[in-house]
Amino acid sequence: MSLARTRIAARLLAVAALAALTAGCFQPMYAERGDGTPALREKLMGVELPPVDKPNASREARIGVEIRNALAFKLYGNATGMPPTHRLVLRFNTTRSSLMTDPTTALPTSENYGIDAQYNLIEIASNKSVMTGSTFSRVSYDMPGSYQRFARSRAFRDAEDRAAREIAENIQTRLASFFVAGT
């Protein structure tokens with residue numbers, strides 16, 4: 001055998017040995033545990049989501065419901081939650097800014113919509129905060145034509161929904177990492 005083939009065989013053997021040594025270290029996040037501790041899915045199902053504190057019938061109240069519903073689906077799936085062990089308190093602010101305007105009508109043709117959210121995970125048994133964090137979402141949307149007000153309204157609503165789903169995804173990812181790692 002040539003020297004090059006010997007080196008390649010030695011490297012492959014080293015990679016296989018390292019893979020065998022570390023194979024027992026990794027465990028999927030959502031896997032059932034053999035030691036009897038609750039799996040991540042059960043921990044996430046124990047998070048209570050109270051309604052967001054916004055004025056009734058306001059645009060922000062609709063966004064709060066959208067974030068809460070998206071987060072509940074991500075945490076519980078198609079089931080309802082288990083008896084709560086934690087409560088997630090959510091606060092958020094929204095922003096809207098024009099990116100481009102039509103020079104003839106001075107109406108915006110493209111806008112940016114944003115949500116800045118702060119969340120606090122409280123352990124129900126001790127009523128102590130165990131995790132706090134913040135996240136944000138920025139989405140842009142185009143408004144077709146200057147006289148299509150219903151299309152403009154629908155584009156804005158779709159942008160709100162996309163931003164709410166992104167906020168829910170960010171919070172669910174952070175909660176999952178907290179329940180797996182404990183930090």
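Kindly establish whether Ala159 is farther than 19 Å from Ala61 by Cα and either out of contact with any Gly (no Cβ under 6 Å at 6 or more places or on another chain) or in contact (Cβ under 8 Å) with a residue 24 or more places away in the chain (or both).
No: the conditions fail for Ala159.
Yes/no matrix, rows are residues, columns are (1) modelled with pLDDT under 90; (2) touching a Ser or Thr at 6+ places or on another chain (Cβ under 8 Å); (3) not acidic (Asp, Glu):
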position: Lys74; (1), (2), (3): no, no, yes
position: Thr80; (1), (2), (3): yes, no, yes
position: Val89; (1), (2), (3): no, no, yes
position: Thr95; (1), (2), (3): no, no, yes
position: Met100; (1), (2), (3): yes, yes, yes
position: Thr104; (1), (2), (3): yes, no, yes
position: Leu107; (1), (2), (3): yes, yes, yes
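Considering only residues that are of a type outside the set (A, V, I, L, M, F, W, C) and surrounded by 11 or more Cβ atoms within 10 Å (Cβ to Cβ), which ones fall in the range 145-154?
Residues satisfying the conditions are Gly145, Ser146, Gln148, Arg152, Ser153, Arg154.
Of everything in the range 107-125, what is within 22 Å of the chain's Cα centre (by Cα) and charged (D, E, K, R)? Give them in sequence order.
The answer is Asp116, Glu123.
In the range 84-104, what residues are surrounded by 12 or more Cβ atoms within 10 Å (Cβ to Cβ) and not in a strand (DSSP E or B)?
Pro84, Thr85, Asp102
Looking only at the range 138-147, decide whether some residue is out of contact with any helix residue (DSSP H, G or I) (no Cβ under 7 Å at 6 or more places or on another chain) and at pLDDT 95 or above.
yes
Looking at (1) within 30 Å of Met82 (Cβ to Cβ); (2) surrounded by 13 or more Cβ atoms within 10 Å (Cβ to Cβ), can you tell me which one Arg138 breaks?
Among (1) within 30 Å of Met82 (Cβ to Cβ); (2) surrounded by 13 or more Cβ atoms within 10 Å (Cβ to Cβ), the lone unmet condition for Arg138 is (1).
Kindly indicate the residue of the range 105-131 that is among the β-branched types (Val, Ile, Thr) and assigned to a strand (DSSP E or B) and also surrounded by the fewest Cβ atoms within 10 Å (Cβ to Cβ) among those meeting that condition.
Looking at the filtered set, the residue picked out is Val130.
Of these, Ala151, Ala163, which one is at pLDDT below 85 and part of a helix (DSSP H, G or I)?
Ala151
Do we find that Glu60 is in a helix (DSSP H, G or I) and in contact (Cβ under 8 Å) with a residue 40 or more places away in the chain in this structure?
Taking the combined requirement at face value, the residue does not satisfy it.
Can you find a residue that is free of Cβ contacts under 8 Å to residues at least 24 places away in the same chain and surrounded by fewer than 12 Cβ atoms within 10 Å (Cβ to Cβ) anywhere in the range 63-71?
no
Filtering the range 72-89 down to residues that are of a type in the set (A, V, I, L, M) and touching a residue at least 24 places away in the same chain (Cβ under 8 Å), which residue is nearest to Arg162 (Cα to Cα)?
Per the criteria, the residue is Leu75.
The values are calculated or read from the model by the stated rules, or taken from the named source; none is laboratory data. Here the structure is a predicted model, which means the values were calculated and not measured. Cβ: placed from backbone, ideal geometry, glycine included. Neighbour counts: every protein chain shown.
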